[in-house]
Amino acid sequence: MNSSPFLLYSDGKGNIFEDQSLYAVGRAGWDAMPVELDEWIALPDGGSLYELPGRKAIGIDVKTGEMRLCEKGWAVAAFIPPAHTGTYIAAFETAADAPTLPLFCYTAAGWYDDAFYVTALRIEKDIRQECSGYDAVKIENGVEDFLKNYPNNRLVNHLAEKCCRTYTCPAARNMFLSRWECPVPTSPACNANCVGCISFQPEEESIPSTQDRLTFKPTAAEIVEFTVPHLMNAPFPIVSFGQGCEGEPLLMWETIREAIIEIRKHTPRGSININTNGSMPKAVKALCEAGLDSIRVSTNSAQKTWYEKYYRPNNYAFEDIVESLKVVNEFGGWSSINYFVFPGMTDTTAEYEALRKLIKQTNLKMIQWRNFNIDPDWYLGRMGIVEESEKIGIREMMQLLRDEFPDLKFGYFNPPMERIRGDFEYDLAK
Ligand code: SF4
């Protein structure tokens with residue numbers, strides 16, 4: 001690449017154009033800024049583009065070098081596919097009456113050499129959610145088989161009708177293809193009130209949750225019935241409690257413990273993981289005693305202030321999630337954070353220092369650098385961010401952490417036992 005991509009804009013009718021009078025830029029926090037040429041990659045397969053109503057794109061004038069607005073239409077941003085981490089947000093100015101954007105990520109995008117480009121990097125080589133890897137016919141046959149084999153299992157029915165056929169959840173589709181990570185939602189309730197919760201948005205909010213929460217409490221028997229065959233037969237098998245279509249799984253820890261004990265009576269194979277807000281370290285201890293192998297704690301920040309301002313926890317605090325990570329480490333389990341990456345918040349010096357401390361305190365094994373699916377202005381507004389803090393840059397921060405913590409793994413997905421216990425760099429695609 002020998003020049004920045006051109007800025008993109010839309011006519012508000014779903015048509016996207018490049019503006020050859022403006023170069024595309026990126027954004028971190030509230031700041032728009034030029035992006036180094038090597039930070040742009042071609043939009044990966046499975047990515048999509050969004051037009052942003054009531055927003056004008058910011059770019060650099062090709063002739064004057066001045067930063068200015070594109071007056072030709074709405075701004076455009078990219079939703080980048082799993083396994084990739086965005087390093088800059090799309091840069092735009094929002095009109096006062098613009099609607100809040102739904103819960104997706106809005107990565108900077110541009111046009112170069114007849115292709116769409118984005119500011120992102122591939123952080124994970126695992127191919128489990130490559131969109132080219134999903135065969136709709138095989139998936140539907142798998143759904144039919146599961147519904148026939150488990151006619152009275154409410155959880156299989158939920159995963160078939162809601163998760164796979166309605167939400168086209170990549171994890172549920174892998175389950176019905178009997179491969180890799182199998183999702184196990186269990187909890188209709190949550191003990192947090194995240195601003196950008198994807199399974200529940202209060203009525204007063206103008207944006208929808210991206211999926212509805214589970215409405216029933218599965219039994220241990222319903223969980224065990226389909227997870228044991230998965231662990232026994234699937235390649236690189238993982239069973240994961242804690243999914244986007246539920247509340248907090250730790251609120252169901254007794255049922256999950258019962259299920260883990262029963263599962264391990266049938267098979268030692270695979271990894272049993274829990275994706276959680278990490279709020280209940282005592283419950284985590286009980287699950288580790290029962291045989292839990294891995295935990296992934298979600299967080300928007302390693303700093304108590306921003307964590308509690310976003311999660312709005314009921315009867316727990318930031319210190320509890322740190323304790324949950326420590327507990328799993330004490331049991332020799334695999335501990336990851338599901339780190340919501342927001343350029344301008346994630347890469348501040350204060351956040352970097354807090355993250356270093358968290359890694360050391362918990363002997364963390366892995367950071368899953370996930371894109372934060374939220375309207376950037378809405379998030380910064382809710383966090384009360386008016387002042388800009390010193391920023392390191394997402395790539396630079398990753399390199400600093402790599403240098404200081406060479407054993408710390410980076411990725412996007414929960415690793416199977418073959419990578420946890422074996423060669424972490426093992427290529428699952430082989
Ligand atoms: S912890 Fe999860 S389910 Fe609970 S409010 Fe936050 S995003 Fe929603």
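The values are calculated or read from the model by the stated rules, or taken from the named source; none is laboratory data. Computed from a prediction, not measured in an experiment: that's the story for all the values here. Note: ideal-geometry Cβ built from the backbone for every residue, glycine included; neighbour counts use all protein chains shown. We work out accessible area using only protein heavy atoms, side chains counted, and drop any ligands, DNA or RNA first. Shrake-Rupley method; radii C 1.70, N 1.55, O 1.52, S 1.80 Å.
Data overview
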read-out: Elements of type strands (runs of 3 or more DSSP E) contained in the stretch 236-322, each with 3 or more residues being farther than 19 Å from residue 364 by Cα; value: 238-241
read-out: Residues located in the stretch 37-64, provided they are out of contact with any strand residue (DSSP E or B) (no Cβ under 9 Å at 6 or more places or on another chain) and closer than 23 Å to residue 393 by Cα; value: 37, 38
read-out: Enumeration of residues in the stretch 200-209 that are within 12 Å of the ligand (Cβ to nearest atom) and either out of contact with any Cys (no Cβ under 9 Å at 6 or more places or on another chain) or closer than 20 Å to residue 342 by Cα (or both); value: 201, 202, 209
read-out: Conditions (1) charged (D, E, K, R); (2) farther than 28 Å from residue 197 by Cα; (3) free of Cβ contacts under 8 Å to residues at least 40 places away in the same chain: number failed by residue 404; value: (3)
read-out: Residue list for the stretch 138-190, filter: within 22 Å of residue 201 (Cα to Cα), buried (at least 24 other Cβ atoms within 10 Å of the Cβ) and of a type in the set (Phe, Trp, Tyr); value: none
read-out: The listed residue being touching a Lys or Arg at 6+ places or on another chain (Cβ under 9 Å), closer than 30 Å to residue 76 by Cβ and polar (S, T, N, Q), out of 348, 299; value: 348
read-out: Residue 231 being in a loop (DSSP other than H, G, I, E, B), out of contact with any Leu (no Cβ under 9 Å at 6 or more places or on another chain) and either outside the structural domain of residue 369 (by TED's automatic domain parsing) or within 24 Å of residue 412 (Cβ to Cβ) (or both); value: no
read-out: From the options 236, 226, 216, 241, residue that is of a type in the set (Phe, Trp, Tyr), within 15 Å of the ligand (Cβ to nearest atom) and assigned by TED's automatic domain parsing to the domain that holds residue 256; value: 241
read-out: Filter result (of a type in the set (Ser, Thr, Tyr) and without any contact (Cβ under 8 Å) to a residue 40 or more places away in the chain) within the stretch 135-165; value: none
read-out: Spans of strands (runs of 3 or more DSSP E) in the stretch 106-211 with at least 3 residues in contact with a helix residue (DSSP H, G or I) (Cβ under 9 Å, 6 or more places away or on another chain) and within 30 Å of residue 6 (Cβ to Cβ); value: 115-122
read-out: Criterion violated by residue 82 - all others in (1) of a type outside the set (Gly, Ala, Ser); (2) open to solvent by 60 Å² or more (accessible area, probe 1.4 Å); (3) out of contact with any strand residue (DSSP E or B) (no Cβ under 7 Å at 6 or more places or on another chain) satisfied; value: (2)
read-out: The stretch 314-335, residues that are hydrophobic (A, V, I, L, M, F, W, C), away from the ligand (no atom under 16 Å from the Cβ) and without any contact (Cβ under 8 Å) to a residue 40 or more places away in the chain; value: none
read-out: Within the stretch 289-314, considering residues that are small (Gly, Ala, Ser) and touching a helix residue (DSSP H, G or I) at 6+ places or on another chain (Cβ under 8 Å), the one farthest from residue 369 (Cα to Cα); value: 290
read-out: Those strands (runs of 3 or more DSSP E) lying entirely in the stretch 53-102 with at least 1 residues polar (S, T, N, Q); value: 84-86, 92-94
read-out: Odd one out for residue 250 among (1) open to solvent by 20 Å² or more (accessible area, probe 1.4 Å); (2) within 12 Å of the ligand (Cβ to nearest atom); value: (1)
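One line per residue, one yes/no per condition, for (1) in the same structural domain as residue 414 (by TED's automatic domain parsing); (2) within 16 Å of the ligand (Cβ to nearest atom); (3) among the β-branched types (Val, Ile, Thr); (4) at pLDDT 95 or above:
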{"position": "266", "(1), (2), (3), (4)": "yes, no, no, yes"}
{"position": "289", "(1), (2), (3), (4)": "yes, no, no, yes"}
{"position": "312", "(1), (2), (3), (4)": "yes, yes, no, yes"}
{"position": "337", "(1), (2), (3), (4)": "yes, yes, yes, yes"}
{"position": "340", "(1), (2), (3), (4)": "yes, yes, no, yes"}
